[in-house]
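Below is one structure, written out as structure tokens; comments come after it.
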Amino acid sequence: MKTLPYYWRLSAFYFFYYASLGAFLPYWALYLHTLGFNAQAIGELIAILLAMKIIAPNISGWIADHTGRPIALVRLCALLAALFFITILFGQSYLWLAIVLGVFSVFWHATLPPFEAYTLALLGKQAHRYSQIRLWGSIGFILTVILLGWLFESFSVTLLPILLIGLFAGIWLSSLLVPEKKTAHQFVSSESFYQVIKRPSAIALFLVCFLMQASHGPYYTFYSIYLEDYGYSRNLIGQLWALGVVAEVGIFLVMHHLLTRFGLKQLLIISFGLSGLRWLLIGYYVESLPILLFAQLFHAASFGMYHGIAIQLIRQHFADHHQGRAQALYSSISFGAGGAVGSLVSGYTWENLGAQFNYLWATLICVIAIWITWRWVGE
């Protein structure tokens, strides 16, 4: 089998990038909770972090496509993200955290889309093997979430910002290992980028991507707090997060086989169906550890399978010279807008309407996404 180009260098970047997510997603809400913020404030602060993903990736994607130097852009943004995040240590007020998170996240979110497009361009005809590189991001997430869960059992979660600074430095240092290399455009189209995104199938694709991430709102924002309220230890909470990503690694290992044997549309529908089931199990059976363990295995579908399919569908829709902006649009609409809306809705309804209501609307969103996928998303 042909060797994947720059496998370990590319994998190192994914490792540190998703290791930082492994620190942020499970523990940032707990950190804010420890500082005394209520559910509404936590939802707003996390929404600010995600909302910047609506803007930043589109700017970085446009710059990468027009300059032809995506790795130089990634290095600059990674460095600025690490430097700006250091200022989180200078204050703990709502306003200060909102400003720092807003500015820092512009650069943090700007790093991944150009790197994704560059990785896919390097792979060329082996693009279906993208998941074999991306799985190292999942491994980074797993190691971080387990180690920090163990650490925060003995030490205060207020150490989190310092640990994150180290991980952001790792993102920048790993970006220095990746060479800036010209990649050939194998798929060139006479259609403009804006002509492509106006197609009904493209609109439907980005809409269901938005819905998938919106459905994750209660999970990404309050899952750790939810479990802690029911008496689960932080160490066990970290292990539950890690189990989900272990399942994600498993699906990444076989994703290139699934993509060559099954239709993308069918796999996307399956991922939404299993995601909806996952949210129901978490919302209504939180007191049962075996059911929670089972539900976490569906992270293989709600993120691993879904993300792999979305990447491939976007690559099919857009020519190579549009990939930077296409990946940026995917990131901003799904993880940015979808994630921000999901966090905001969860923040405003968590204390008043409860966890079960939040996970129920997350399930209903997945049902809507299945219908849209079936009607309008192409193969």
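Failed condition for Ile368, given (1) more than 20 Å from Leu264 (Cβ to Cβ); (2) more than 17 Å from the chain's Cα centre (by Cα); (3) assigned to a helix (DSSP H, G or I), with all others met? So Ile368 meets the others, but not (1).
Looking across region 143-176, just one residue is among the small types (Gly, Ala, Ser), surrounded by fewer than 17 Cβ atoms within 10 Å (Cβ to Cβ) and closer than 22 Å to Arg75 by Cα, and that is Gly166. I'd like to check something: does region 221-232 contain any residue that is in a helix (DSSP H, G or I) and under 16 Å from Phe303 (Cβ atoms)? Checking region 221-232: at least one residue is in a helix (DSSP H, G or I) and under 16 Å from Phe303 (Cβ atoms).
Taken over region 252-264, the residue count meeting the criterion of being surrounded by fewer than 23 Cβ atoms within 10 Å (Cβ to Cβ) and in a helix (DSSP H, G or I) is 9. Mind listing just one residue for me: the one in region 61-105 that is closer than 24 Å to Leu176 by Cβ, surrounded by fewer than 19 Cβ atoms within 10 Å (Cβ to Cβ) and among the small types (Gly, Ala, Ser) and, of those, modelled with the highest pLDDT? Once the filter is applied, the top-ranked residue is Ala72. Looking only at residues in region 74-109 that are small (Gly, Ala, Ser) and in a helix (DSSP H, G or I), which one is nearest to Pro161 (Cα to Cα)? Looking at the filtered set, the residue picked out is Ala82. Only residues that are touching a Gly at 6+ places or on another chain (Cβ under 8 Å) and among the small types (Gly, Ala, Ser) were counted in region 251-287, giving 0.
Inspection of region 42-57 identifies no residue that is in contact (Cβ under 8 Å) with a residue 24 or more places away in the chain, of a type in the set (Gly, Ala, Ser) and not in a helix (DSSP H, G or I). Only one entry in Leu163, Leu207 is modelled with pLDDT of 95 or more, within 29 Å of Leu89 (Cβ to Cβ) and in a helix (DSSP H, G or I), namely Leu163.
The rows are residues; the columns are (1) touching a residue at least 24 places away in the same chain (Cβ under 8 Å); (2) crowded, with 20+ Cβ neighbours inside 10 Å; (3) among the hydrophobic types (A, V, I, L, M, F, W, C).
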{"residue": "Tyr219", "(1), (2), (3)": "yes, yes, no"}
{"residue": "Ser224", "(1), (2), (3)": "yes, yes, no"}
{"residue": "Glu228", "(1), (2), (3)": "yes, no, no"}
{"residue": "Leu240", "(1), (2), (3)": "yes, yes, yes"}
{"residue": "Glu248", "(1), (2), (3)": "yes, yes, no"}
{"residue": "Arg278", "(1), (2), (3)": "yes, yes, no"}
{"residue": "Ser288", "(1), (2), (3)": "no, no, no"}
{"residue": "His299", "(1), (2), (3)": "yes, yes, no"}
{"residue": "Ser302", "(1), (2), (3)": "yes, yes, no"}
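Kindly indicate which of Ala64, Ala121, Ala51 is in contact with a Pro (Cβ under 6 Å, 6 or more places away or on another chain) and over 26 Å from Ala300 (Cβ atoms). The match here is Ala64. Taking helices (runs of 4 or more DSSP H) as the structural unit, those lying wholly within region 265-333 and holding at least 2 residues that are modelled with pLDDT of 95 or more and touching a helix residue (DSSP H, G or I) at 6+ places or on another chain (Cβ under 6 Å) correspond to 289-296. Restricting attention to region 1-40 and to residues that are of a type in the set (A, V, I, L, M, F, W, C) and over 17 Å from Pro161 (Cβ atoms), the residue that is farthest from the chain's Cα centre (by Cα) turns out to be Met1. Against the test of being in contact with an Asp or Glu (Cβ under 9 Å, 6 or more places away or on another chain) and over 24 Å from Gln327 (Cα atoms), the options Arg278, Arg234, Arg261 yield a single qualifying residue, Arg234.
Please verify whether region 180-201 includes one or more residues that are in contact with a Gly (Cβ under 7 Å, 6 or more places away or on another chain) and either small (Gly, Ala, Ser) or at pLDDT 95 or above (or both). Checking region 180-201: at least one residue is in contact with a Gly (Cβ under 7 Å, 6 or more places away or on another chain) and either small (Gly, Ala, Ser) or at pLDDT 95 or above (or both). Does Ser346 meet the test of being within 28 Å of Ile197 (Cα to Cα) and either surrounded by 24 or more Cβ atoms within 10 Å (Cβ to Cβ) or of a type in the set (Lys, Arg) (or both)? For Ser346, the condition - within 28 Å of Ile197 (Cα to Cα) and either surrounded by 24 or more Cβ atoms within 10 Å (Cβ to Cβ) or of a type in the set (Lys, Arg) (or both) - is not met. For beta carbons closer than 7 Å, sequence separation of 6+ or different chains, a first residue in region 190-210 that is surrounded by fewer than 18 Cβ atoms within 10 Å (Cβ to Cβ) and a second that is small (Gly, Ala, Ser) and at pLDDT below 90, the qualifying pairs are Ser201/Gly378.
The values are calculated or read from the model by the stated rules, or taken from the named source; none is laboratory data. Everything numeric here is computed off the predicted structure, so don't read it as measured data. For neighbour counting, all protein chains shown are included, and Cβ atoms are generated from backbone atoms with ideal geometry for every residue, glycine included.
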